[in-house]
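Report on the following structure.
The values are calculated or read from the model by the stated rules, or taken from the named source; none is laboratory data. The structure displayed is predicted, hence computed values, not measured ones. All Cβ positions, glycine included, derive from the backbone under ideal geometry; neighbour counts span all protein chains shown. These accessible areas exclude ligands, DNA and RNA; they are computed on the full protein's heavy atoms, side chains included. Shrake-Rupley method; radii C 1.70, N 1.55, O 1.52, S 1.80 Å.
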Amino acid sequence: LMLTRRDRVDAAVVSELSRVLKPGTTIYVLGGPATVDEAVLATLRSTGHPVVRLGGANRFAVATTVADTLSAVRGAQPASIFVANGRVFPDALVASPAATANRGVILLSDADTMPAETAAYLSAHAGATLFGIGGGGSRSLTGYSGVEVISGADRYEVAAKVADRFFTAEWIATIVSGLNWPDATTGGALISQWQQPILLEKGATLPSLTAARLDRSRAATELVVAFGGPASVDPAALDEAVRRAGSQTVYNGPDAPK
């Protein structure tokens, strides 16, 4: 998962795509022309790779288009559907590793209401297990049967509850900012492949629920990874995460005190 400006793609992105992609690999562009201009697609096509835009009239339609494409790539319909508030980023972000681990897709609510695009997708995939992530996503599913709600007082509690519900103690503790999305979004693709939960920090501190999760996973954690530079993940928060994770691996020897 890589980022672009709306009207042009950075040379570093083009270079990295050329380096990592096998010949003939499809490049998917997420969002319509208002989000990613056709000039970006033209530049991407110059690499020799086929380029497919996954667009829609709005963010809710884009999410269903992505879900349909993911099913086509997997060769199977989703086993689970996660619905999160599409007007803010954190709930959908922390749901992504859980969705990957459960062969699921992520759809968006319009705050507390159910968009027509999301409702149509849910109707067409009634056999999937349904999860409401966070307050907005969960409330939009009022009236749907068999919904498991995973919510909390704020984004940090939602993240911790998602981790507790879908993952055992993590061996990689991933720390991302709960206050902005770019580093967390691109990092989330890798975290999903690791099948580890996303843990959120807040400025120079770890929220109490993030700290508690690290404490519970201490015996298993072998690596702490922060996504983004000091402007995204404050060094003090990272230091606390490292301290709470301990040094109990076969490489580092016996666990150190907190």
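Would you pick out the residues in the stretch 145-163 that are among the small types (Gly, Ala, Ser) and within 12 Å of Ile198 (Cα to Cα)?
Passing the criteria: Ala159, Ala160, Ala163.
State all residues of the stretch 44-71 that are of a type outside the set (S, T, N, Q), open to solvent by less than 50 Å² (accessible area, probe 1.4 Å) and either out of contact with any Leu (no Cβ under 6 Å at 6 or more places or on another chain) or in a loop (DSSP other than H, G, I, E, B) (or both); if no residue qualifies, say none.
Leu44, His49, Gly55, Gly56, Ala61, Val62, Ala67
Yes or no, residue by residue, for (1) over 27 Å from Val233 (Cβ atoms); (2) buried (at least 21 other Cβ atoms within 10 Å of the Cβ); (3) modelled with pLDDT of 95 or more:
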| position | (1), (2), (3) |
| --- | --- |
| Val105 | yes, yes, yes |
| Gly127 | yes, no, no |
| Lys161 | no, no, yes |
| Ile175 | no, yes, yes |
| Pro182 | no, no, no |
| Ala204 | no, no, no |
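Any residue that is open to solvent by less than 10 Å² (accessible area, probe 1.4 Å) and either over 27 Å from Asp164 (Cβ atoms) or not basic (Lys, Arg) (or both) - is there at least one of those in the stretch 72-80? Before you say what the answer is, go through the steps one by one.
First, the residues of the stretch 72-80 that are open to solvent by less than 10 Å² (accessible area, probe 1.4 Å): 80.
Next, only the ones that are either over 27 Å from Asp164 (Cβ atoms) or not basic (Lys, Arg) (or both) stay: 80.
Checking the stretch 72-80: at least one residue is open to solvent by less than 10 Å² (accessible area, probe 1.4 Å) and either over 27 Å from Asp164 (Cβ atoms) or not basic (Lys, Arg) (or both).
Out of Ala98, Ala84, I need the residue that is part of a helix (DSSP H, G or I), under 14 Å from the mean Cα position of the chain (by Cα), under 20 Å from Tyr156 (Cβ atoms) and not polar (S, T, N, Q). Which one? Spell out how you get there, then give the answer.
Details: Ala84 fails: part of a helix (DSSP H, G or I).
Within the list Ala98, Ala84, the selection yields Ala98.
Quick one: which of Gly24, Gly31 is of a type outside the set (Phe, Trp, Tyr), open to solvent by less than 40 Å² (accessible area, probe 1.4 Å) and within 24 Å of Gln193 (Cβ to Cβ)?
Gly31
Out of the stretch 182-214, which residues are assigned to a helix (DSSP H, G or I) and of a type in the set (Gly, Ala, Ser)?
If the condition is that a residue be assigned to a helix (DSSP H, G or I) and of a type in the set (Gly, Ala, Ser), then Ala184, Gly187, Gly188, Ala189, Ser192, Ser208, Ala211, Ala212 are the ones that fit.
Name the residues in the stretch 72-81 that are on the phi < 0 side of the Ramachandran plot and either among the hydroxyl-bearing types (Ser, Thr, Tyr) or outside any helix (DSSP H, G or I) (or both), would you?
First, the residues of the stretch 72-81 that are on the phi < 0 side of the Ramachandran plot: 72-74, 76-81.
Hits for the stretch 72-81 are Ala76, Gln77, Pro78, Ala79, Ser80, Ile81.
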